[in-house]
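Report on the structure given below.
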Amino acid sequence: MLTPKRLNTSAENFEAELKQLLDWQSVSDEGVVNTVKEILNAVRTQGDVALLNYTQKFDGLQAQTASELKVSSERMQQALDRLDSKQREALEKAAARVRSYHEHQKQDSWQYEEADGTILGQQVTALDKVGLYVPGGKAAYPSSVLMNAIPAKVAGVENIVMVVPAPKGDLNDMVLAAAMIAGVDQVFTIGGAQAVAALTYGTETVPRVDKIVGPGNIYVATAKSLVFGTVGIDMIAGPSEILVICDGKTNPDWIAMDLFSQAEHDEQAQSILLCPDADFIDSVQASMDKLLAEMPRAEIIKTSINERAALIQVQDLEDAIQVANMIAPEHLELSVDDPQTWAKKVRHAGAIFMGRYTAEALGDYCAGPNHVLPTSQTARFSSPLGVYDFQKRSSLIMCSDEGAHVLGQTASVLAHGEGLTAHARSAEYRIKS
């Protein structure tokens with residue numbers, strides 16, 4: 001029997017209990033950090049030699065030269081050709097929807113001219129090279145390939161370098177097929193902190209990139225945090241989360257399975273239900289107990305639900321929205337009447353799934369919006385991965401003689417106020433006598 005935490009917002013100690021429930025600390029201890037630092041330094045200084053050594057040590061891939069770590073375009077095409085028709089069709093449909101959605105995000109350069117002829121604006125350009133980390137081994141995530149690579153391509157990134165570990169040479173065909181469909185340019189069978197190092201510093205074989213995106217284990221996450229500043233990164237993601245607000249009118253089996261959909265990710269994943277109806281909460285609990293036996297990943301779900309889940313009774317839906325904004329979840333389901341009206345009250349959420357028929361799982365694979373979302377309450381200040389993450393902006397300033405005359409006087413006063421004489425003189429030279 002499952003034993004998720006039962007809370008009530010009317011309880012005097014509710015906020016303290018909620019804070020304790022939400023608390024999650026990375027398991028990146030000093031030992032992990034020191035190991036990752038050693039790997040980063042070795043790859044930075046020794047290049048392909050260190051990369052080969054770590055790949056042989058951690059992945060059991062007995063490549064003799066670094067060139068063997070590169071996956072040929074022929075191998076990628078073979079993977080695509082080997083897929084059964086349903087898998088290929090699903091990948092292509094998902095890719096088309098993801099591409100269509102992200103095309104709406106693309107930003108163009110802009111400028112305007114003031115009355116005196118001064119031109120101001122912004123020039124938007126794509127990053128040159130992006131590194132995409134894809135987990136390998138027991139798990140395979142072709143959906144992550146689509147979600148990370150397609151926005152980069154829409155943004156105009158010319159070179160996407162994908163890294164994926166291949167333990168003992170085992171490479172997943174759907175991952176390679178997704179890379180082909182998404183337009184990934186190069187693929188290397190490397191993983192872990194050594195892959196992050198190779199993308200950051202470059203080796204004789206692996207090109208240096210400008211930004212690294214994609215999920216990974218604690219060694220990968222730690223490596224990304226340590227190289228940030230030398231390269232850009234997308235985010236440091238915590239465990240997966242789902243928060244469901246339900247008015248008690250949805251099939252409780254649906255809600256139970258929605259909660260399971262995140263719990264099955266790993267033992268640290270968090271699933272929370274907010275509902276004003278105590279009887280419905282009991283029904284969801286009963287559904288969870290009933291459905292658990294059907295789940296292949298039942299043990300993972302059980303640990304996640306018992307250690308990090310909560311069924312919370314709220315006073316009403318207004319109260320539920322207030323709690324949701326405190327939690328700032330990665331995924332928020334509004335399983336209520338008139339969900340679009342309630343969605344306008346949500347201030348902090350990675351993605352909002354509106355209505356009883358909109359399962360969070362649809363967003364993971366094929367709805368179109370990105371499934372790379374802020375976790376661990378970072379939705380308070382972060383956004384989903386998007387085209388904008390692969391574009392950068394340069395300010396445009398072009399003064400006319402009249403504009404330089406007017407602005408120079410203002411700049412001169414401010415520069416002298418800061419004690420920066422050369423700044424002031426530089427502006428004053430353009431002021432008409």
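The values are calculated or read from the model by the stated rules, or taken from the named source; none is laboratory data. Worth saying up front: this structure is predicted, and the values here are computed from it rather than measured. Ideal geometry is used to build each Cβ from the backbone, glycine not excepted, and the neighbour counts take in all protein chains shown.
Before moving on, here are some points about what is shown:
- Note on region 33-134: enclosed strands (runs of 3 or more DSSP E) holding 2 or more residues that are modelled with pLDDT of 95 or more and either among the polar types (S, T, N, Q) or in contact with a Lys or Arg (Cβ under 9 Å, 6 or more places away or on another chain) (or both) are 119-126, 129-133.
- Residue identified as crowded, with 18+ Cβ neighbours inside 10 Å, on the phi < 0 side of the Ramachandran plot, in contact with a strand residue (DSSP E or B) (Cβ under 8 Å, 6 or more places away or on another chain) and assigned by TED's automatic domain parsing to the domain that holds Asn53 among Leu171, Leu146: Leu171
- Gln409 satisfies every condition listed in (1) surrounded by 13 or more Cβ atoms within 10 Å (Cβ to Cβ); (2) in contact (Cβ under 8 Å) with a residue 40 or more places away in the chain; (3) polar (S, T, N, Q) except (2).
- Counted residues, region 54-90 - those being of a type in the set (D, E, K, R), exposed (fewer than 13 other Cβ atoms within 10 Å of the Cβ) and closer than 30 Å to Val36 by Cα: 1
- Counting the residues of region 271-296 that are aliphatic (A, V, I, L, M) and assigned to a helix (DSSP H, G or I) gives 8.
- When residues of region 352-370 are limited to those that are touching a residue at least 40 places away in the same chain (Cβ under 8 Å) and more than 16 Å from Leu243 (Cβ to Cβ), the one surrounded by the most Cβ atoms within 10 Å (Cβ to Cβ): Asn370
- Candidate set: region 252-269, residues that are part of a loop (DSSP other than H, G, I, E, B) and touching a residue at least 40 places away in the same chain (Cβ under 8 Å); chosen: the one farthest from Met288 (Cα to Cα): Gln268
- Within region 33-47, the set of residues being surrounded by fewer than 18 Cβ atoms within 10 Å (Cβ to Cβ) and either touching a residue at least 24 places away in the same chain (Cβ under 8 Å) or under 24 Å from the mean Cα position of the chain (by Cα) (or both) comprises Val33, Thr35, Lys37, Arg44.
- Region 340-351, residues that are touching a strand residue (DSSP E or B) at 6+ places or on another chain (Cβ under 8 Å) and either surrounded by fewer than 20 Cβ atoms within 10 Å (Cβ to Cβ) or within 16 Å of Gln262 (Cα to Cα) (or both): Gln340, Ala343, Val346, Ala349, Gly350, Ala351
- Members of region 312-348 that are among the hydrophobic types (A, V, I, L, M, F, W, C) and on the phi > 0 side of the Ramachandran plot: Ala328
- The sole residue among Glu299, Glu307 that is in a helix (DSSP H, G or I) and without any contact (Cβ under 8 Å) to a residue 12 or more places away in the chain is Glu299.
- Positions within region 340-356 being assigned to a loop (DSSP other than H, G, I, E, B) and closer than 18 Å to Pro374 by Cα, in sequence order: Val346, Arg347, His348, Ala349, Gly350
- Among the candidates Ala221, Ala278, Ala298, Ala263, residue that is closer than 24 Å to Ser143 by Cβ, in contact with a strand residue (DSSP E or B) (Cβ under 9 Å, 6 or more places away or on another chain) and not acidic (Asp, Glu): Ala263
- Filtering Val231, Val163, Val209 for residues that are hydrophobic (A, V, I, L, M, F, W, C), surrounded by fewer than 20 Cβ atoms within 10 Å (Cβ to Cβ), over 21 Å from Leu373 (Cβ atoms) and touching a Ser or Thr at 6+ places or on another chain (Cβ under 9 Å) leaves a single hit, Val231.
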